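The values are calculated or read from the model by the stated rules, or taken from the named source; none is laboratory data. As the structure is a prediction and not an experimental result, all values here were calculated from the model. Using ideal geometry, Cβ is built from the backbone for each residue, glycine included, and neighbour counts are taken over all protein chains shown.
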Amino acid sequence: MPSGFSIENISTQRLDIPFSQPIRMSFGELDRLNLVLVRLTDVQGVVGYGEATIMGGPYWGPESIEAVQVAIDRYLAPHITNVRFAGIEEFSHRLARLVRGNAAARSALEMAAFDLLGHQQQMSVKNLLGGCCRDRVEVAWTLSTGSEAGDILEGEHAMLSRGHRRFKLKFGQGKADEELARIVGIAEAFRGRATIILDINQGWDLTTALRYFPVLEEAGIDCIEQPLPMTDHQGAARLRSSSTMDIIADESLVDLRSTFEVARTGAASAVSLKPNRDGGLLASRRIACVAAAAGLKLYGGTSLESSLGTAASLHLYSSLPELQLGSELFGPLRLQTDIVKERLLPRNGGLKAPCGPGLGVVIDEDMVRTLRFQS
Ligand code: MUC
Ligand code: MG
């Protein structure tokens with residue numbers, strides 16, 4: 001058998017999956033996840049699946065779901081079908097040379113290629129990535145009922161029923177002072193029992209952040225994610241020197257160079273990894289290496305993927321030597337329905353990477369057809 005792999009056919013499908021509970025972020029409220037499902041088929045008929053997810057439109061980041069599909073169908077697929085690749089590194093590198101940016105589109109294709117290779121070789125993606133450094137990845141949960149009392153109730157339930165010990169809160173849902181009071185109330189309710197990450201999604205300027213940081217620190221918030229606009233490294237470095245809370249970089253990380261800049265300028269003490277934002281598992285792993293070399297902590301982020309994309313991230317996060325802040329791989333828990341037969345739902349506060357070949361999840365084609373019809 002010749003070494004490497006090639007793809008005979010690539011197809012994409014747009015799907016929307018409603019959330020069980022809306023999530024409000026600084027740019028608006030999301031009630032559904034937008035997804036592009038990718039299928040790669042080799043000459044033997046072996047199939048690999050991948051997905052790209054977008055949160056509502058080009059709001060969180062620059063890509064829209066329509067742009068993801070066009071990028072794959074028109075600008076990537078024609079150049080990677082019936083081409084022999086030595087392996088996944090060459091494949092991923094080729095995608096990055098074909099288009100600028102378009103990270104979610106590249107990530108979906110690379111994910112599907114990992115799945116395909118895993119099925120061809122009867123090997124799990126975690127083993128293609130070098131094997132596990134941990135057999136379980138901790139999972140945080142985002143509280144977003146819309147009220148302080150509702151969030152506290154839901155947090156208590158999440159701790160008791162699923163063992164979460166880390167919660168994420170979003171800022172940007174209403175009047176700043178009221179919202180601050182809600183966040184302080186929730187943080188105080190869980191002080192000493194759960195870690196709280198507050199994600200601002202670039203919603204503040206430096207003056208606002210300098211005003212609120214002492215209050216949040218006093219309330220027991222542990223980490224602040226992306227408080228300032230993505231390029232304001234100087235402002236973030238100033239915040240970092242004024243506080244003992246961890247600052248997690250998220251939207252600031254668009255590639256290796258920006259990760260290096262975040263590290264060089266001291267703009268964060270931790271980074272959130274997101275293969276869908278980074279251009280795939282291999283790109284996220286490189287970001288993790290640069291961050292680790294700079295002494296930054298690692299957090300296993302999510303782009304609210306279904307169980308398919310969650311499995312991909314889980315294989316990567318399980319294989320990393322360091323993952324100090326655990327993960328937020330709660331996407332499947334947030335979705336009303338899923339595209340795999342056995343959903344990846346956290347138990348005892350964590351998730352274990354599936355063991356089967358490839359990504360280790362089986363696509364539910366009936367559900368895919370239903371969702372396609374509704375999208
Ligand atoms: C983000 O900015 O982190 C992922 C989890 C969550 O609560 O929001 C998203 C996006
Ligand atoms: Mg974030």
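Matching residues to (1) surrounded by fewer than 24 Cβ atoms within 10 Å (Cβ to Cβ); (2) within 11 Å of ligand 1 (Cβ to nearest atom):
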residue: ALA293; (1), (2): yes, no
residue: THR302; (1), (2): no, yes
residue: GLY309; (1), (2): no, no
residue: ALA312; (1), (2): no, no
residue: LEU316; (1), (2): no, no
residue: SER319; (1), (2): yes, no
residue: LEU323; (1), (2): yes, no
residue: SER327; (1), (2): no, yes
Problem - Exclusive hit being away from ligand 2 (no atom under 13 Å from the Cβ) and touching a Lys or Arg at 6+ places or on another chain (Cβ under 7 Å), set ALA194, ALA237, ALA209, ALA219 - result: ALA194
Problem - Given (1) at pLDDT 95 or above; (2) surrounded by fewer than 22 Cβ atoms within 10 Å (Cβ to Cβ); (3) closer than 30 Å to GLN336 by Cα, number of the condition GLN21 does not satisfy - result: (1)
Practice task
Would you point out which residue out of PRO18, PRO62 is in the same structural domain as ARG97 (by TED's automatic domain parsing), touching a residue at least 12 places away in the same chain (Cβ under 8 Å) and not in a strand (DSSP E or B)?
Solution key: PRO62
Completion exercise
Note on the range 143-184: residues of a type in the set (Ser, Thr, Tyr) and within 16 Å of ligand 1 (Cβ to nearest atom) are SER144, THR145
Exercise for the section: Consider ARG347 carefully, then state whether it is closer than 30 Å to HIS233 by Cβ and of a type in the set (Lys, Arg). Expected result: no
Exercise for the section: Enumerate the pairs (first residue in the range 337-354 and on the phi > 0 side of the Ramachandran plot; second residue anywhere and of a type outside the set (A, V, I, L, M, F, W, C)) with beta-carbon separation below 7 Å, excluding pairs fewer than 6 apart on the same chain, so at least 6 apart or on different chains. Expected result: ASN348/GLY163; GLY349/GLU138; GLY349/ARG162; GLY349/GLY163; GLY349/HIS164; GLY349/ARG165
Problem - Condition met for GLY192 (assigned by TED's automatic domain parsing to the domain that holds PRO321, in a loop (DSSP other than H, G, I, E, B), away from ligand 1 (no atom under 16 Å from the Cβ) and not polar (S, T, N, Q)) - result: yes
Handout entry: All helices (runs of 4 or more DSSP H) inside the range 228-320 with 2 or more residues being aliphatic (A, V, I, L, M)
Key = 233-241, 256-265, 281-293, 307-319
Handout entry: Residues of the range 198-211 classified as part of a helix (DSSP H, G or I) and either in contact with a strand residue (DSSP E or B) (Cβ under 9 Å, 6 or more places away or on another chain) or within 14 Å of ligand 1 (Cβ to nearest atom) (or both), total
Key = 1
Handout entry: Residues of the range 108-127 satisfying the condition of being in contact with a Phe, Trp or Tyr (Cβ under 8 Å, 6 or more places away or on another chain) and either surrounded by fewer than 19 Cβ atoms within 10 Å (Cβ to Cβ) or farther than 21 Å from ALA86 by Cβ (or both)
Key = GLN120
Problem - Residue match in the range 162-184 (condition: within 27 Å of GLU138 (Cα to Cα), in a helix (DSSP H, G or I) and under 17 Å from the mean Cα position of the chain (by Cα)) - result: no
Fill in the blank from the handout: Taking the range 83-115 and keeping residues of a type in the set (A, V, I, L, M) and in a loop (DSSP other than H, G, I, E, B) leaves VAL83, ALA86, VAL99
Practice task
Taking only the range 324-356 into account, find how many residues are more than 18 Å from the chain's Cα centre (by Cα) and either over 19 Å from LEU37 (Cα atoms) or at pLDDT below 95 (or both).
Solution key: 4
Problem - Matching entry among GLY28, GLY57 (being touching a Ser or Thr at 6+ places or on another chain (Cβ under 6 Å) and on the phi > 0 side of the Ramachandran plot) - result: GLY57
Handout entry: Top-ranked residue of the range 247-290 - restricted to ones that are within 16 Å of ligand 1 (Cβ to nearest atom), under 17 Å from LEU323 (Cα atoms) and small (Gly, Ala, Ser), ranked as surrounded by the fewest Cβ atoms within 10 Å (Cβ to Cβ)
Key = ALA270
Practice task
Could you tell me whether any residue of the range 254-275 is at pLDDT 95 or above, within 16 Å of ligand 2 (Cβ to nearest atom) and among the basic types (Lys, Arg)?
Solution key: yes
Practice task
Examine the range 141-157 for a residue that is in a strand (DSSP E or B), of a type outside the set (Ser, Thr, Tyr) and closer than 26 Å to LEU345 by Cα, and state whether such a residue exists.
Solution key: yes
